[in-house]
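Everything below concerns the one structure shown next.
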There are 2 protein chains.
Amino acid sequence: MTSNVDASNPDLVTVDVPTHWYNLAAELDEPIPPHLHPGTKEPVGPDDLAALFPAGLIAQEVSTEPYIEIPEPVREIYQMWRPSPLFRARKFEEALNTKARIYVKYEGVSPVGSHKTNSAVAQAYYNSIDGVKKLTTETGAGQWGSALSFAGAQFGLDVEVWQVRASYDSKPYRGFLIRTYGGTLHPSPSDLTEAGRAMLAKDPDTTGSLGMAVSEAVEVAAANDDTRYALGSVLNHVVLHQSVIGLEAVDQLNAVEPGGADVVFGCAGGGSNLAGLSFPFLREKLHGRSDPRIVAAEPSACPSLTQGEYRYDHGDVAGLTPLLKMHTLGMDFVPDPIHAGGLRYHGMAPALSHTVELGLVEGVAIDQRAAFSAGITFARTQGIVPAPESTHAIAACAEHVANSDKEEVVVIGLSGHGQLDLPAYAEFLNGSF
Amino acid sequence: MTSNVDASNPDLVTVDVPTHWYNLAAELDEPIPPHLHPGTKEPVGPDDLAALFPAGLIAQEVSTEPYIEIPEPVREIYQMWRPSPLFRARKFEEALNTKARIYVKYEGVSPVGSHKTNSAVAQAYYNSIDGVKKLTTETGAGQWGSALSFAGAQFGLDVEVWQVRASYDSKPYRGFLIRTYGGTLHPSPSDLTEAGRAMLAKDPDTTGSLGMAVSEAVEVAAANDDTRYALGSVLNHVVLHQSVIGLEAVDQLNAVEPGGADVVFGCAGGGSNLAGLSFPFLREKLHGRSDPRIVAAEPSACPSLTQGEYRYDHGDVAGLTPLLKMHTLGMDFVPDPIHAGGLRYHGMAPALSHTVELGLVEGVAIDQRAAFSAGITFARTQGIVPAPESTHAIAACAEHVANSDKEEVVVIGLSGHGQLDLPAYAEFLNGSF
C-alpha cells in the first residue's frame, strides 16, 4: 500500500483503499470460541446458518485466513468515500491543553454518515451473487437500516427494514433516508409477521424493542427462499468487513508517525466499529512493530465490557440466535434510553470479547453527559458534530490526555457524524440531561 | 498547484488547497457595474460600508486584482475539509444511459455540509483582525447561519442569528446545529429590535421573511461598535471566497481530462455557489485553454436569470441595502415555498449577472419535481443525498446528457448534502408535490 503525505497539508494523509480485509483471529494462538446452536448447544455449522446468510458470509464467519480479498465490486463502491480521512485534530489538542498528538479516523464521510456501510456493501454483494432478491433487517436509530438500504440500491436488492417503533416515531429522519434509497420501512412490532402480531396482541401500545425487530426480520427471511437476513454488528464477518477502517488508519498514521499509535480509542456497542478500527493496530502489536493500548469506550448505561460476564448468551431477546461467547449483561438487560442508540446492546462481539479476555483490549465506561460535553468541544474546535456513539471515544480520549505533557500518539475512531442526532445535542445544551 | 491521481482510484483526484482566491472581474474588459447608495444613487464608497463590514472585505468588494492571497489562518481551516472531492459519477452515468463523463465537485464534506463555510470562515477572519467581537446575520433554512456559527467558533467571535420564523419552527435541526457551535439563535421577527417589534405589532402571527431577518441583523450590527454584519451570498467578496471551489475543480479535472470541461452545471440562488464554481472555468476560457459552457440551474419558482430584468434593485425587501445591478424579479417578489430554500431569492449576484450579460453564463429553469427526481436517482446510484438546491444542477445535467452518445466532459457542482432536508424527500416520495 502506498501513502501520500500532501506537502501543503501534512495533517491529512491519503492511502490506497485496502485490497483485503484483515482477520485478526487467524493470527491469535487461541481461537475465538465457536457459536453454539441454541437447541443442541453444539458448534453451529454452515448448514445451520444457510437459511439466513449467503455462502460467502458463512465462510467468513469461520475463516482461519488472516487476509481475505475484497471483491472488486465491493472495493469499487468503497472508493466512493474510502479511504476515509485520518486527520490531526490540532484545535482539539489546544482545547485540551495537551502535548499528545491526536489523530482522528473519520467514518462520517460515508454516504449514510457512519461506518455501517463498510459491512452493508459487502453483505449486499455476497447475497447478490447467491441470487438473493431481498434482504431483511432490523434497525434501532436507523444507521444500519439506512446503510443496508444504500447497499441494496447498489446491487439491485430489495431491502425491508423493521425499525423499533419508539425510534420510528421519534426520530424519523433516518427512516426518510431508508426510503430515499428505495428501502421499505416498517415500525416494529408490525402486523406483517407472526411474531409482530403476537407482540401487538399482547400489548397494542408497545414501543417495540431491537429484539422484537430482529425476530420479525428473521421470520420473513427464513420463510422466503429468495430472501436473507443481514446483521449490522456482533458477528465475525461484520467485524472482518470493518477492518478496512484500521487497515487504512495504520498506514495513514505510519506515514506521519513512524512509531505508530500509543493509544487507540473507539466506541463499542455491538463491537464491530471498535474491532474494525483496532484489530489492524493489534496486528502491528502481534508482529512487534508497535505496542498500542486499545481502549473500548462504552456507555456507563450499558457497560457490557466493564460490568458484564464473559459467557455464552443469546444475541437477541427472544433467544432465536446462536449462543455467542461474549461479554454480556444478559439477554434481558434493558439499558436506559441514552441517545447513543448504537451502544445500547446487551452483549459484545465475540471477536472483540475474546481480545479483551486475552488482555489486548480494555474497556472504559463513559457517562453520557461527559460524552456530549466532549462532543461539543470537538464540534466547536474541529467543526464535525460527532455521532452520540462516537462522543464516547472522544470523551475517553479527552480524559486520558487533558492537561498532559506526555507526547503520546493517540488515535480516535470517529464512527460517524451526528447531523441526524442534533436534537440530542439541543437537549444537552438545554440542560435536559 | 500539484495534482495527484491515485493509481488505485483514478476517479478521485486530489490537489493542493489554493493559496489565492480568484477574482474573474479583474480579467474582464467590462467591469461589474458598481453598487449604488440607496439615498444618493451614487456609487457606494468604503465609508458607506464601514458600519457593516470590516476593511478587508470592503477592499475585496471593489478589488481589481485577479488573485488575492488567502490568509494562512483561513487556509488552515479550509484544510479541515478542503480540497473537497471531485469524483467521476460512473453509476449515475449508467443510470442516465449516457456516454458523457460526469464529474461531481462535492462541497457537502464541509463541517456544516455545504459550500457556505468557504465564505463564512473568511468573513469571520477579517472581522476578527479588525477587533470585532460579534457577528450578526440572517438565515432562512439555516445553512448560512450554521456556517457562520462554525466560523465564529473558530475565531472566538459571538454569532447571533435571526432565522425566518417559518423555518425556525418547521426545520429545527439547523437551529440545533447553530447552537451546538455556540451561536445564538432568534426567530425573526423578534422583540429584540425596533424593526422586529414593529413587524410583530403589525402582525403578531407573522411567519417572517428573509428581508425582515436582514433588517434585524443589520440594525443590531449598525448600533454596536464591536458588532458587524455578515452576508452569505450576492456580494462580490462572497463570490470571491467561493472561487476555491472552481480553482480546485479545474486542477482536479485537468489531471484526468486534459481537454477540460465541456459543460459546467451549478445551482444558482444568490449566485455565490455557481460563480465560485464556474469563474475559474471561465478563466480557462478567457485564456484560451478550454471553452466550457456554464449553466446556472435556477428553480422555475424563482427564475431571476431566465425571467427577471437586468437592472438596479435592492438586495432586501425593506430597501435598506445598496442598489445592486442584477437580474431581479423585483424586491417584492415572493416565490412559492419550494424546498430549496437557498434558491428563493429575488435577485442574482451582480458578478454573476454581469457574466450572463456578457454571454459567458446561461440560465436554465428547473421544476422542483424534476429536481427531486434527479436527486433520488443520484442518491440511489452515488450514495450521496443531495441538498434540494443541488438537485437543480443534477437535473439540468441529467436533461442535457440522458441517452446521449456524445462523449462530453461534464461537471456538476454539488453544493451540499441533504441529510437535514430528508423530510422534503419523504414528501416527494409520498407524492405530496
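A few points about this structure:
- Value of relative contact order over chain A, rounded to a whole percent, pairs C-alpha under 8 Å and six or more apart: 19
- Potential extension, B:LEU192-B:THR306 segment - 0.36 nm per residue separation minus Cα distance: 37.2 nm
- Square roots of five times the Cα gyration tensor eigenvalues for region B:117-229, Å: 23, 16, 9
- The protein assembly as shown - Kirkwood radius from inverse mean 1/r over Cα pairs (Å): 27.6
- Average Cα contact separation per residue, region A:139-229, under 8 Å, 6 or more apart, as relative contact order %: 27
- Chain A versus the axis that turns it onto chain B: the residue with the nearest Cβ and the distance in whole Å amount to A:GLN419, 2.
- For A:LEU429, the point set 7 Å out from Cα toward Cβ sits 2.8 nm from its twins in the other copies, listed from shortest up.
- For B:TYR67, the residues whose modelled amide H falls within less than 5 Å of its own, excluding neighbours fewer than 5 places apart on the same chain, are B:ASN23.
- Within the shell defined by Cβ-Cβ distances under 10 Å, the residues around A:PHE150 carry a net charge of +2, with Lys and Arg each +1 and Asp and Glu each -1.
- For A:THR40, solvent-accessible area (1.4 Å; no DNA, RNA or ligand), Å²: 80
- Overall dimensions of region A:10-150 by Cα: Rg and Dmax, Å: 18.7, 57
- Loop trypsin sites (Lys or Arg not before Pro), region A:366-433 (other Cβ atoms within 10 Å of the site Cβ: 12 or fewer; DSSP): A:LYS406
- Table column - 3J(HN,Hα) (Hz), region B:426-433, Karplus curve with 6.51, -1.76, 1.60, x for Gly and Pro: 4, 5, 5, 5, 7, x, 6, 8
- Shape summary of region A:317-372, radius of gyration then Dmax from alpha carbon positions: 12.9, 36 Å.
- Residues whose placed amide H lies under 5 Å from that of B:LEU185, excluding near-sequence neighbours: B:VAL161
- Entry note: region B:289-397 has Rg to Rh equal to 1.02, where both radii use alpha-carbon atoms and Rh is the Kirkwood radius.
- Within the accessible area of chain B (1.4 Å probe), percent carbon and sulfur: 49
- Cα-Cα over 24 Å, subset of A:LYS91/B:LYS105; A:LYS41/A:LYS116; A:LYS105/A:LYS133; A:LYS91/B:LYS116; B:LYS41/B:LYS133: A:LYS91/B:LYS105; A:LYS41/A:LYS116; A:LYS105/A:LYS133; B:LYS41/B:LYS133
- Ratio of the Cα radius of gyration of region B:194-284 to 2.2 N^0.38 Å, where N counts its residues: 1.60
- Amide hydrogen neighbours beyond the local backbone of A:ASP16, cut-off 5 Å, H modeled: A:THR2
- Tail weight of P(r) past 43 Å, computed on alpha-carbon pairs of chain A, percent: 7
- Hz values of 3J(HN,Hα) by residue in region A:363-373 - Karplus curve (6.51, -1.76, 1.60), Gly and Pro given as x: x, 9, 9, 10, 6, 4, 5, 4, 5, 5, 4
- Backbone HN-Hα couplings from phi across region A:89-94 [Karplus 6.51/-1.76/1.60, Hz, Gly and Pro as x]: 9, 5, 6, 5, 4, 4
- Summarised in one figure, the compactness ratio Rg/Rh of region A:142-298, Cα atoms and Kirkwood Rh, is 1.09.
- Comment: the Cα-to-Cβ extended label point of B:ALA222, at 7 Å, lies 7.2 nm from its counterparts in the other copies, nearest first.
- At 7 Å out from Cα toward Cβ: B:ARG289 inter-copy label distances (nm, ascending): 3.9
- Relative contact order (%) - region A:242-389, alpha-carbon pairs under 8 angstrom, separation at least six: 23
- Most mobile of B:PRO322, B:PRO280, B:PRO31 in a GNM of chain B (Cα contacts under 10 Å): B:PRO31
- Restricting the chymotrypsin sites (Phe, Trp or Tyr not before Pro) of region A:337-388 to loop positions (DSSP other than H, G, I, E, B) with no more than 10 neighbouring Cβ atoms within 10 Å leaves nothing.
- Surface accessible to a 1.4 Å probe, per residue, for the residues of chain B, Å²: 34
- Between chain B and chain A, the total buried accessible area stands at approximately 3600 Å², from heavy atoms with a 1.4 Å probe.
- Calculated diffusion of region A:100-155, Stokes-Einstein form, Kirkwood radius summed over Cα pairs, 37 °C and 0.692 mPa s, µm²/s: 269
- Size descriptor for region A:226-279, Kirkwood hydrodynamic radius: 12.2 Å (Cα pairs only, one decimal).
- Radius 14 Å from Cβ of A:THR328, net charge of other residues (Lys, Arg +1; Asp, Glu -1): -3
The values are calculated or read from the model by the stated rules, or taken from the named source; none is laboratory data. All of these numbers come straight from a predicted model, not from anything done at the bench. No Cβ is skipped: glycine too gets one built from the backbone with ideal geometry, and neighbour counts run over all protein chains shown. Areas reflect the complete protein model, heavy atoms only, side chains present, ligands, DNA and RNA absent. Shrake-Rupley method; radii C 1.70, N 1.55, O 1.52, S 1.80 Å.
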